[in-house]
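Before any comments, here is the structure.
The values are calculated or read from the model by the stated rules, or taken from the named source; none is laboratory data. All values reported here derive from a predicted model rather than from experimental measurement. Here Cβ is always computed from backbone atoms with ideal geometry, including for glycine, and neighbour counts include all displayed protein chains.
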Amino acid sequence: MKRIVILVLLIGSITLQAQDEKKPSVIPIDNDTQRIKFQEVVNQEASKTELFKRCVYWLNNYYKDPVRVTSVRDEPTGKFVGKHRFRIYYWDDDSIKHIGGMIHYTFTIEVKDNRYRYTIDELLLKSKTRLQVEKWLDKDDPAYNPRWDSYLQQIADFVKEWSDTLKEKMKPEKVIVEDEW
């Protein structure tokens with residue numbers, strides 16, 4: 001009976017390891033630059049001017065100082081370019097949360113009639129030198145730290161939250177119909 005239990009546990013652990021190895025990366029890599037690049041085209045019914053206004057509204061709500069964050073707000077081309085940052089964290093053996101660093105990123109939002117595209121790239125870890133976060137993808141690096149996987153997941157989570165709020169604000173506002181009686 002003990003042998004059967006041990007055999008089942010062994011097979012289960014081998015299966016779990018195989019699933020982890022096959023797990024797709026959450027970090028998209030640009031084929032041309034070999035750098036991390038999050039990009040999506042979103043179809044949204046509206047004119048270019050209306051989408052531009054909605055994007056300004058989103059920027060003003062999402063960032064505390066949107067004028068400083070954006071370096072380009074060009075209505076004729078429908079383009080926004082900005083730079084910002086966010087913190088990443090790690091947890092020690094006692095489950096105490098520590099700051100792992102500050103990630104700087106560049107975002108671009110381009111609007112056209114009935115669609116817009118966002119791009120987040122140029123991700124850098126702020127330190128004495130600005131380290132490109134692509135280094136964390138190399139598990140064969142002699143300096144590899146398992147913490148890097150958590151950092152990459154935090155970046156992916158941040159971009160998902162960022163893009164979800166953008167998509168929500170780019171939708172038309174719901175019209176409230178007053179109840180006339």
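General remarks:
- Apart from one condition, residue 67 fits all of (1) farther than 30 Å from residue 148 by Cβ; (2) β-branched (Val, Ile, Thr); (3) surrounded by 13 or more Cβ atoms within 10 Å (Cβ to Cβ); the exception is (3).
- Residue match in the stretch 80-91 (condition: part of a loop (DSSP other than H, G, I, E, B) and either on the phi < 0 side of the Ramachandran plot or touching a helix residue (DSSP H, G or I) at 6+ places or on another chain (Cβ under 6 Å) (or both)): no
- Any hit, the stretch 157-175, residues being under 18 Å from the mean Cα position of the chain (by Cα), over 24 Å from residue 27 (Cα atoms) and either buried (at least 16 other Cβ atoms within 10 Å of the Cβ) or at pLDDT 90 or above (or both): yes
- The residue that is nearest to residue 152 (Cα to Cα), among those in the stretch 70-92 that are surrounded by 16 or more Cβ atoms within 10 Å (Cβ to Cβ) and out of contact with any Asp or Glu (no Cβ under 9 Å at 6 or more places or on another chain), is 88.
- Pairs linking a residue in the stretch 139-164 that is under 18 Å from residue 91 (Cα atoms) to a residue that is part of a helix (DSSP H, G or I) and at pLDDT 95 or above, with Cβ atoms under 6 Å and 6 or more positions apart or on different chains, do not occur.
- Residue satisfying condition, being farther than 16 Å from residue 119 by Cβ and surrounded by fewer than 11 Cβ atoms within 10 Å (Cβ to Cβ), within set 43, 60: 43
- Test: residue in the stretch 105-114 that is free of Cβ contacts under 8 Å to residues at least 40 places away in the same chain, assigned to a strand (DSSP E or B), of a type in the set (S, T, N, Q) and within 20 Å of residue 34 (Cβ to Cβ): yes
- The set of residues in the stretch 99-116 being surrounded by fewer than 17 Cβ atoms within 10 Å (Cβ to Cβ), over 20 Å from residue 130 (Cα atoms) and either at pLDDT below 95 or of a type in the set (Val, Ile, Thr) (or both) consists of 108 alone.
- For the stretch 132-141, the count of residues that are at pLDDT below 95, charged (D, E, K, R), in a helix (DSSP H, G or I) and surrounded by 13 or more Cβ atoms within 10 Å (Cβ to Cβ) is at least one.
- Qualifying residue in the stretch 40-54 (condition: touching a Phe, Trp or Tyr at 6+ places or on another chain (Cβ under 7 Å), assigned to a loop (DSSP other than H, G, I, E, B) and in contact (Cβ under 8 Å) with a residue 40 or more places away in the chain): yes
- Out of 99, 88, 120, one residue alone is farther than 26 Å from residue 172 by Cβ and in contact (Cβ under 8 Å) with a residue 24 or more places away in the chain. It is 88.
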